[in-house]
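Before any comments, here is the structure.
The values are calculated or read from the model by the stated rules, or taken from the named source; none is laboratory data. As the structure is a computational prediction, the values presented were derived from the model and not from experiment. Backbone-built Cβ (ideal geometry, glycine too); neighbour counts: all protein chains shown. Side chains included, ligands, DNA and RNA excluded: accessible areas come from the protein's heavy atoms. Shrake-Rupley method; radii C 1.70, N 1.55, O 1.52, S 1.80 Å.
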Amino acid sequence: MTTGVAERVTSLVASLRAHGVRVGTGESVDAARAVEALGLADRELLREGLAATLLHTADQRRVFDPVFDVYFPRGVGGPGTGPAGREELRDRLAAALADDDRTLLARLAGEAVDGFGAYGSSGAGGGPGASGPSPGSDGWSSHQTLDRLRPQTLLARVRDDLRARGGAAGFTDRLLEDEIRRRIEVFRRLVAAEARRRVAERRGRDEIARRAVAPTPDRVDFLVAGQAQLADLRRTVRPLARKLATRLTARRRRASRGSIDLRRTLRGSLSTGGVPMKPVLRRRRPVRPELVLLCDVSGSVAGFSDFTMLLVQALHDQFAKVRVFAFVNRIDEVTGLLAHGTADPEGLGARIGAEARLTGWHGSSDYGVALGEFAERYGDAVGPRTTVFVLGDARTNMSDPNLPALRRITGRARRGYWLNPEPRSRWGTGDSAAPAYAELIEMHECRNVRQLGALVSRLLPV
Amino acid sequence: MFTSVDDVSARLAETGYLASPAVATTVFLAARLGKPLLVEGPAGVGKTELAKAVARVTDARLVRLQCYEGVDESRALYEWNHAKQLLRISAGRDESWDEARTDIFGEEFLLPRPLLTAIRGDDAKVLLIDETDKADVEVEGLLLEVLSDFQVTVPELGTVTATRRPFVVLTSNASRELSEALRRRCLFLHIGFPEEELERRIVRLKVPDLDETLAGSLVRVVGALRAMELRKVPSVAETVDWARTLLALGADTLDEALVRDTLGVVLKHQDDVLRAAAKLDLDTL
């Protein structure tokens with residue numbers, strides 16, 4: 001194998017590692033052998049071959065594909081044709097969407113980025129690939145390309161075209177629009193990949209591979225996750241809960257091999273002449289702790305608390321009792337809304353907003369009032385077997401943090417924890433009362449699913 | 001074993017397994033690099049079938065280890081035939097201890113289980129370790145020696161090393177995370193739901209008598225169902241079942257009543273049926 005290819009494989013591996021995919025040296029060697037066996041002629045085969053040797057789980061594929069596109073690009077430079085007119089390109093795109101021709105879509109994505117994606121010194125419209133934008137404050141933008149091309153507006157046209165072609169084709173006609181929408185989505189992703197590649201050519205692959213690739217779902221920051229990412233996250237609730245449940249059960253089983261029951265050991269030793277041959281262990285009664293969750297569901301942290309509520313609810317058979325309370329500036333119990341079977345994760349936030357009384361005079365969160373109201377109205381929910389979790393960013397909007405209320409709650413509970421989705425460096429900045437609360441209750445940074453999983457398995461009482 | 005990726009797809013297709021490019025490439029690499037192949041994916045996309053197809057293509061014997069909770073060394077690797085050993089001892093009552101001892105731990109009294117079977121002998125074999133995730137974690141440890149060095153240690157006999165490496169396929173439904181150590185020893189392949197074009201070809205191959213346009217619309221409806229949020233999305237096996245059902249009903253076009261009446265073939269939960277009916281604008285009764 002030439003050193004060029006070997007070097008490219010190793011930089012690909014390095015970039016995957018930077019994104020949290022664990023790849024060992026053995027796998028790199030296998031990857032190189034795969035490249036040798038497959039050759040460089042067919043890019044898609046190479047992609048599958050490298051994926052098979054380097055990856056270990058299906059989610060890692062989401063990181064792998066964009067990184068692969070950067071290191072093994074479809075081509076170099078522009079597509080080599082002159083700049084296409086917007087209308088002409090849209091016509092060809094409509095035809096390609098109607099035929100669902102993936103290779104043609106990929107080529108059109110290349111032309112589209114070339115024609116409409118350039119920004120910076122070359123100005124709007126851009127030029128053909130050869131001249132391109134000059135170095136400096138410029139590059140290629142998929143957003144701009146899609147904004148100018150507006151592929152979504154082709155929907156009606158493609159639909160009518162297909163209908164005319166196939167005649168009104170009975171039942172499956174109603175599926176047509178969704179199918180076209182999915183094809184347009186494919187095209188958008190192709191444009192994004194193409195823009196990334198063009199930028200990578202200018203700024204060096206390593207930098208783009210580092211910055212422009214979305215992380216795996218468990219590393220997405222709760223506070224900056226977009227709609228689609230949140231939906232992705234919610235889908236990971238059940239597998240994560242299953243994993244945590246096995247871990248908790250295992251811990252419980254291990255814990256039961258603990259202290260020696262002296263009385264029964266001595267009683268048993270009588271049959272062996274007073275020599276304790278078999279130590280008898282104390283039987284543990286399975287303790288099922290109670291759990292109370294106080295969740296801030298105001299807009300700023302909603303994704304985080306939704307997710308955590310669902311997770312705890314999915315773990316419900318690990319606990320004797322789980323009660324969930326939601327607040328913005330008033331508090332209300334939402335345990336019933338999370339009940340099993342009725343929970344469709346997507347609409348949870350909306351349902352909580354609609355069915356629980358969470359806001360009083362205004363719509364911004366007020367920890368002081370909410371904690372005070374909880375201590376007053378639901379004080380009896382917290383007892384000596386209860387562990388309390390507070391979920392929120394501790395941003396009080398400048399109102400009184402009401403520390404005595406929190407002190408009363410934690411004083412009565414067995415343990416209390418606060419999970420804060422903000423990075424630790426931002427605690428105490430602006431209106432954050434995090435440091436004040438952190439003196440009364442153990443506060444942990446919990447920014448993504450990975451951290452949450454680790455915290456839950458460590459903090460949950462067993 | 002195979003000369004190229006195209007060779008893999010062509011030969012698999014001859015035995016009735018239509019492989020996507022990803023599947024063909026990974027099978028080719030597994031054969032070329034001599035590494036086990038770990039296949040994950042939803043139920044009913046042909047994970048087990050892949051191993052069987054490879055065995056048919058390469059004219060190899062399929063050795064199958066079905067994993068379940070509690071499968072152990074004596075089920076997976078080997079076991080001594082105690083009853084026969086006892087018989088042997090009582091038959092040779094007059095011989096000395098030394099003679100008896102060396103005798104009863106010989107090949108004759110060994111009951112090879114799938115893993116040992118796959119390693120011994122000179123004929124070509126495909127070892128299928130099915131539903132690996134159902135087995136306990138301890139069994140994974142057992143697999144490590146077999147999968148990395150293709151050898152098994154029997155204390156009384158010594159180490160048995162494969163003279164001819166079997167082609168190994170492990171399948172998993174991801175009901176439990178497999179350990180990192182096991183994953184690292186394998187090539188990883190995720191088989192998802194096939195593209196529309198491929199699925200149409202699969203239906204045509206499995207149910208050749210079905211009308212072609214009907215097969216096309218069937219596959220499109222299944223594609224739409226998969227895009228919905230359902231508890232159990234239909235898999236390829238269900239598509240084929242549905243195609244068979246429609247053939248048995250003698251249908252020639254897909255219409256509302258037909259879809260409504262046969263939706264139970266593809267969807268296995270009542271909530272799913274209701275939800276899909278609402279999304280597809282079927283007027284339910």
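Some notes on this structure:
- Heavy-atom accessible surface of region B:78-140, averaged per residue, reaches 55 Å², computed with a 1.4 Å probe.
- Largest-first ordering by accessible area, 1.4 Å probe, given options A:His444, B:His82: B:His82, A:His444
- Our analysis of region B:179-227 gives Rg over Rh at 1.24, with the two radii drawn from alpha carbon positions and Rh computed by the Kirkwood formula.
- For B:Val168, residues with placed amide H under 5 Å, excluding near neighbours: B:Leu37, B:Leu127
- Cα gyration tensor shape for the protein assembly as shown, rounded if a/c is under 1.5, else prolate or oblate: oblate
- B:Glu197 - accessible surface, heavy atoms, 1.4 Å probe, Å² rounded to 10: 100
- Per residue, the convex hull spanned by the Cα atoms of chain B amounts to 164 cubic angstrom.
- Think of a 1.4 Å ball rolled over the protein heavy atoms: region A:3-71 then has 38 Å² of accessible area per residue.
- Surface composition of region B:192-256: carbon plus sulfur atoms contribute 48% of the solvent-accessible area (1.4 Å probe, protein chains only, all chains present).
- Cross-link partners for B:Lys134 among the lysines, with Cα-Cα distance under 17 Å and sequence neighbours closer than 8 places in the same chain left out: A:Lys243, B:Lys47.
- Per residue accessible area of region B:196-279, 1.4 Å probe, in Å²: 48
- Complex-versus-alone comparison for region B:197-223, residues with a loss of 50 Å² or more in accessible area, probe 1.4 Å: B:Arg220
- At least 50 Å² of accessible area lost relative to the chain alone, listed for region B:21-48 with a 1.4 Å probe: B:Thr25, B:Leu29, B:Leu33
- For B:Leu18, the accessible area of its heavy atoms, probed at 1.4 Å with every protein chain present, is near 30 square angstrom.
- Summary of the geometry: region A:44-75 and region B:161-214, compared by the centres of their Cα atoms, lie 18 Å apart.
- Against chain B, whose longest principal axis is taken from its Cα atoms, helix B:256-266 shows a tilt of about 10°.
- Calculated [θ] (222 nm, deg cm²/dmol) that DSSP helices of n ≥ 4 give over the protein assembly as shown, each run adding -39,500 (n - 2.57): -15500 deg cm²/dmol
- Cα-derived Rg over Rh, computed across region B:19-143 with Rh taken as Kirkwood radius: 1.12
- A Förster radius of 51 Å combined with the Cβ-Cβ distance from A:Glu333 to A:Thr265 puts the calculated FRET efficiency at roughly 0.60.
- For region A:305-462: rounded, prolate or oblate by the Cα gyration tensor [a/c cutoff 1.5]: rounded
- DSSP beta bridges in the protein assembly as shown [antiparallel fraction, %, rounded to 5]: 25
- Within region B:59-90, the chymotrypsin sites (Phe, Trp or Tyr not before Pro) that combine a DSSP coil assignment with at most 13 other C-beta atoms in a 10 angstrom radius are B:Tyr68.
- In this rough spin-label picture, where each label sits 7 Å from Cα along the Cβ direction, the A:Asp101-A:Glu44 distance is 1.5 nm.
- The convex hull drawn around the Cα atoms of region A:361-421, when projected onto a plane and averaged over every direction, covers 4.3 nm².
- Cα centroid separation, region A:294-313 to region A:431-462 (Å): 13
- Protein-only accessible surface at a 1.4 angstrom probe places the residues A:Leu281, A:Leu455, A:Leu270 in the order A:Leu270, A:Leu281, A:Leu455, largest first.
- 3J(HN,Hα) couplings calculated from phi for region B:44-52 with the Karplus curve 6.51 cos²θ - 1.76 cosθ + 1.60 (θ = phi - 60°) are, in sequence order, x, 9, x, 6, 5, 4, 4, 4, 5 Hz; Gly and Pro show x.
- The listed residues B:Glu40, B:Glu138, once ranked by accessible area (1.4 Å probe) with the largest placed first, stand as B:Glu138, B:Glu40.
- Relative contact order computed over region B:196-279 (Cα-Cα under 8 Å; 6+ residues apart), in percent: 32
- Chain B packed on chain A takes about 2800 Å² of accessible surface away from a 1.4 Å probe, both sides summed.
- Taking all protein chains as shown and a probe of 1.4 angstrom, A:Trp418 keeps an accessible surface of around 0 Å².
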